[in-house]
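This report concerns only the one structure given below.
The values are calculated or read from the model by the stated rules, or taken from the named source; none is laboratory data. Everything quoted here is computed from the prediction, not taken from an experiment. Methodologically, a virtual Cβ is constructed for each residue, glycine included, from the backbone with ideal geometry; neighbour enumeration extends over all protein chains shown.
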Amino acid sequence: MLEELKKEICGLNAALKNNGLVAMTSGNVSGRDRKQPDYIVIKPSGVSYEALKPKDMVVVDMRGRVKEGSYKPSVDTISHLVVYRARKDIFGIVHTHSNFATSFALLGKPLPVYMTAHADEFGAAIPVTRYASPLPFEDVGNAIIETLGKKNLPGVLLRNHGVFTFGENPKSALKAAVMIEDIAKTCWLAMQNGKIKRLPEKEIKKWYYRYHEIYGQKK
Ligand SMILES: [Zn+2]
């Protein structure tokens, strides 16, 4: 079942590795099916990125029951499900421990809009959640939702842990994971040489408008 989505999720999981966002088998991408929104496809637990095939992806329902797949789903499956249950508009989720973004999460620091590229892409700071425990299983998802709420944010930093990003489809969640890491890296490098200043709110709005309304080619 969900063969197209499995192929897509398999490719996006491989892209985590290709974009340098993960080490060994950490990290995962999931996607919610548009036609059958009670089902998600997620990476299997502990299988190397190099070995992943579309048929290895696991289909899980909203209660976490495996519907198809010979592997166990990612240990982070419940975290993804808590977010999908709370936010019907989210169809893709990425979780990584990408180095630069996670370094902000370790410090308990959000990522304010320092860069125009951050203003362009997201127009808002990336917040940091409270610390969440691995048990009970729902704690990570609950911490994410407490911070995310109904806000249209591309991602959150999970205190002491890593990054979760969201999208209207799995590809946009991956793009958010790549962009947040890239922005965090540049800010971190600049911070080694001095104090950096946030962009004023009015300027953030202008950059965001220009990028979303004027930039690129009309479809
Ligand atoms: Zn993690």
How many residues of segment 159-175 are within 16 Å of the ligand (Cβ to nearest atom) and either farther than 13 Å from Ile93 by Cα or among the small types (Gly, Ala, Ser) (or both)? The answer is 5
Over segment 83-110, the set of residues more than 16 Å from the ligand (Cβ to nearest atom), within 19 Å of Leu16 (Cβ to Cβ) and of a type in the set (Gly, Ala, Ser) is Gly92
Going through segment 1-53 in order, the residues found to be within 15 Å of the ligand (Cβ to nearest atom), of a type outside the set (Val, Ile, Thr) and crowded, with 22+ Cβ neighbours inside 10 Å are Asn13, Leu16, Leu21, Gly27, Asn28, Ser30, Lys43
Of the residues in segment 1-50 that are touching a residue at least 40 places away in the same chain (Cβ under 8 Å), among the β-branched types (Val, Ile, Thr) and in contact with a Pro (Cβ under 8 Å, 6 or more places away or on another chain), the one that is farthest from Val163 (Cα to Cα) is Ile9
Pairing a residue in segment 70-85 that is within 16 Å of Thr96 (Cβ to Cβ) with any residue that is assigned to a helix (DSSP H, G or I) and away from the ligand (no atom under 16 Å from the Cβ), where Cβ atoms lie under 9 Å and the two sit 6 or more apart in sequence or on different chains, gives Val83/Ile145; Val83/Leu148
The condition from (1) farther than 25 Å from Ile145 by Cβ; (2) at pLDDT 95 or above that Glu50 misses is numbered (2)
Exercise for the section: Test Glu181 against the stated conditions and say whether it is at pLDDT 95 or above, within 16 Å of the ligand (Cβ to nearest atom), among the acidic types (Asp, Glu) and in a helix (DSSP H, G or I). Expected result: yes
Would you say Leu153 is assigned to a loop (DSSP other than H, G, I, E, B), touching a residue at least 12 places away in the same chain (Cβ under 8 Å), among the hydrophobic types (A, V, I, L, M, F, W, C) and under 21 Å from Leu16 (Cβ atoms)? yes
Selection over segment 85-102 where residues are surrounded by 24 or more Cβ atoms within 10 Å (Cβ to Cβ) and more than 16 Å from Gly27 (Cα to Cα) yields a count of 0
Among Val113, Val156, Val75, the single one that is buried (at least 21 other Cβ atoms within 10 Å of the Cβ) and within 16 Å of the ligand (Cβ to nearest atom) is Val156
